[in-house]
Amino acid sequence: MTPPTPVLRKVDQAIELLERRFLERSELIRLLMLAVMSGENALIIGPPGTAKSQLARAVSQLFGSEHWFEYLLTRFTTPDEIFGPVSLQQLKQDRYLRKTAGYLPAAQFVFLDEIFKANSAILNALLSILNERIYFNGSEKEEVPLQFLIAASNELPDENEQLTALYDRFLFRYEVEYLKLAASYEKMLTMPSAPLPVVFSLYDVKDIQGAASQVSIPEAIIYFLFRLKQSLEEKEYRLSDRRLHKIARVWKTSAALHGREQVTIWDTVFTPHMLWDVPEDLPVMRELYEQQFTEMLKAEMEEELPLRHFSQIAEKWQEKQGDLHAFQFKKEVGAKIGKEAMEKNRDLLEAGKVQIADTARDLRHRLLEWQKREADLHSYILEKNRLIANVDKYAVKYAYLRVEGERILQQLQQTYRTLFDQEIPGAEYDFTR
């Protein structure tokens with residue numbers, strides 16, 4: 001098993017600390033960790049009292065609160081409250097500049113609550129900060145040190161051009177709900193409340209982003225993204241080129257976190273949360289993504305369990321089964337068969353006997369090896385992506401591949417039994433496991 005990278009070990013520690021305090025938020029916590037490392041903004045949608053702001057503050061504590069700025073926005077919030085007061089000294093020199101120290105333009109981590117209630121003056125400044133990391137301070141164009149911004153809202157924005165542009169700046173989107181499990185309410189009363197320790201430094205984020213820039217995306221993954229885009233378009237969903245580019249960059253960040261030089265299908269598991277515009281679309285996005293993921297996983301596992309190859313052989317002999325069985329019957333009853341047909345069918349039967357038996361024994365051996373992997377599938381999947389919260393969901397995908405292999409094995413065994421009236425030597429398999 002490949003040991004985790006130093007930053008990934010810190011991510012493990014951070015996840016453990018956050019999960020002790022935020023119940024039923026495992027997927028969101030992991031999503032935020034990936035967003036932080038990717039340098040992408042995240043939006044949390046949910047009703048009041050779902051610990052959105054608490055979670056955002058907890059993430060900031062993991063980096064040290066001195067880098068932090070937060071604010072609750074209302075219709076009456078002024079730019080001075082967010083970007084800093086106008087400098088009186090600069091005004092005396094006929095220059096309109098804000099003193100940004102201690103305010104959003106000087107922060108590296110930011111939390112803005114009820115972001116869609118901001119007025120147009122604030123929104124206009126936020127657009128360039130969120131996307132280009134630039135703040136226009138009067139006539140000056142300043143680069144901001146912002147690494148990550150979490151925003152929260154009780155509701156999605158109305159049809160407003162400025163709000164829609166702001167909304168598009170958030171690649172990661174997640175909807176939270178109230179706790180559902182009785183056990184969570186029991187634990188909620190005894191959760192720790194002391195400040196979280198500092199786990200990360202800003203160098204961790206910069207190191208991962210530097211490594212991510214060197215990660216390559218193989219052609220198969222690029223094609224996977226294109227097929228996903230096509231399947232979304234067939235359902236009349238549209239993704240901008242900018243969003244697709246950002247999604248690919250997040251995949252590269254995931255690969256860098258896991259110490260890989262190439263993106264794999266396992267780096268794409270959080271993609272559905274980067275696709276939807278309204279929460280109601282998420283189930284459709286998940287379904288379309290899962291279809292493509294399963295096909296890609298099946299293709300990747302072809303070397304270990306080449307189901308397509310085995311299926312083609314099984315189908316080939318099943319199609320010939322009727323004619324060959326009829327030939328066998330004619331021989332048994334003494335029906336007249338031409339010499340050419342006799343030789344052709346005899347050779348075909350011999351070839352079938354060998355290929356079906358060899359294929360069944362090969363498939364049986366691979367299925368038994370596959371079962372050994374399934375015995376420790378949890379560790380295997382986490383080695384692929386340690387940020388996965390619901391490992392069982394992906395373990396089921398491997399079980400589906402095994403079941404499909406077992407179906408092909410049964411098909412081969414049945415064809416052999418029909419043609420030769422015996423079991424395949426060395427192809428015994430316990431289908432009840």
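General remarks:
- Within the range 260-275, being under 17 Å from the mean Cα position of the chain (by Cα) and open to solvent by 10 Å² or more (accessible area, probe 1.4 Å) holds for R260, Q262, T264, V269, F270.
- Residue within the range 149-156 that is under 29 Å from P6 (Cβ atoms) and hydroxyl-bearing (S, T, Y) present: no
- Restricted to the range 79-95, and to residues there that are part of a loop (DSSP other than H, G, I, E, B) and modelled with pLDDT under 90, the residue that is surrounded by the most Cβ atoms within 10 Å (Cβ to Cβ) is S87.
- Residue list for the range 249-259, filter: assigned to a helix (DSSP H, G or I) and open to solvent by less than 30 Å² (accessible area, probe 1.4 Å): V250, W251, T253, S254, A255, A256, L257
- Subset of the range 391-402 (residues that are open to solvent by 40 Å² or more (accessible area, probe 1.4 Å) and either in contact (Cβ under 8 Å) with a residue 24 or more places away in the chain or more than 22 Å from M33 (Cβ to Cβ) (or both)): V396, Y400
- Any hit, the range 247-267, residues being over 29 Å from P6 (Cα atoms) and of a type in the set (A, V, I, L, M, F, W, C): no
- If only residues of the range 234-248 that are more than 11 Å from L171 (Cβ to Cβ) and among the charged types (D, E, K, R) are counted, the one that is surrounded by the fewest Cβ atoms within 10 Å (Cβ to Cβ) is E236.
- Residue match in the range 276-283 (condition: surrounded by fewer than 21 Cβ atoms within 10 Å (Cβ to Cβ), of a type outside the set (F, W, Y) and in contact with a strand residue (DSSP E or B) (Cβ under 7 Å, 6 or more places away or on another chain)): yes
- Here R98 clears all of (1) surrounded by fewer than 19 Cβ atoms within 10 Å (Cβ to Cβ); (2) in contact with a Pro (Cβ under 9 Å, 6 or more places away or on another chain); (3) touching a residue at least 40 places away in the same chain (Cβ under 8 Å) except the condition numbered (1).
- Positions within the range 166-221 being of a type in the set (A, V, I, L, M, F, W, C), part of a loop (DSSP other than H, G, I, E, B) and farther than 23 Å from P47 by Cα, in sequence order: A194, L196, V198, V199, F200, V215, I217
- Residue match in the range 421-431 (condition: assigned to a helix (DSSP H, G or I) and either modelled with pLDDT under 90 or surrounded by fewer than 18 Cβ atoms within 10 Å (Cβ to Cβ) (or both)): no
- Members of the range 106-131 that are in contact with a strand residue (DSSP E or B) (Cβ under 9 Å, 6 or more places away or on another chain), part of a helix (DSSP H, G or I), of a type outside the set (S, T, N, Q) and open to solvent by 10 Å² or more (accessible area, probe 1.4 Å): A106, F116, K117, A125
- For the range 197-204, the count of residues that are among the hydrophobic types (A, V, I, L, M, F, W, C), in contact (Cβ under 8 Å) with a residue 60 or more places away in the chain and closer than 23 Å to K393 by Cα is zero.
- From the list I388, I337, the lone residue that is surrounded by fewer than 17 Cβ atoms within 10 Å (Cβ to Cβ) and either of a type in the set (S, T, N, Q) or not in a helix (DSSP H, G or I) (or both) is I337.
- The range 364-385 - residue that is acidic (D, E) and either open to solvent by less than 70 Å² (accessible area, probe 1.4 Å) or in a helix (DSSP H, G or I) (or both) and, of those, nearest to I313 (Cα to Cα): E369
- Subset of the range 27-52 [at pLDDT below 95 and either open to solvent by 30 Å² or more (accessible area, probe 1.4 Å) or more than 30 Å from H245 (Cα to Cα) (or both)]: P47, P48, G49, T50, A51
- Criterion (in a helix (DSSP H, G or I), open to solvent by 70 Å² or more (accessible area, probe 1.4 Å) and free of Cβ contacts under 8 Å to residues at least 40 places away in the same chain) met by exactly one of R407, R361: R407
- Of the residues Y174, Y223, the single one that is within 30 Å of V263 (Cα to Cα) and touching a residue at least 60 places away in the same chain (Cβ under 8 Å) is Y174.
- Any hit, the range 204-214, residues being among the hydrophobic types (A, V, I, L, M, F, W, C), modelled with pLDDT of 95 or more, in contact with a helix residue (DSSP H, G or I) (Cβ under 8 Å, 6 or more places away or on another chain) and open to solvent by 30 Å² or more (accessible area, probe 1.4 Å): yes
The values are calculated or read from the model by the stated rules, or taken from the named source; none is laboratory data. Source: prediction; values computed, not measured. All Cβ positions, glycine included, derive from the backbone under ideal geometry; neighbour counts span all protein chains shown. Side chains included, ligands, DNA and RNA excluded: accessible areas come from the protein's heavy atoms. Shrake-Rupley method; radii C 1.70, N 1.55, O 1.52, S 1.80 Å.
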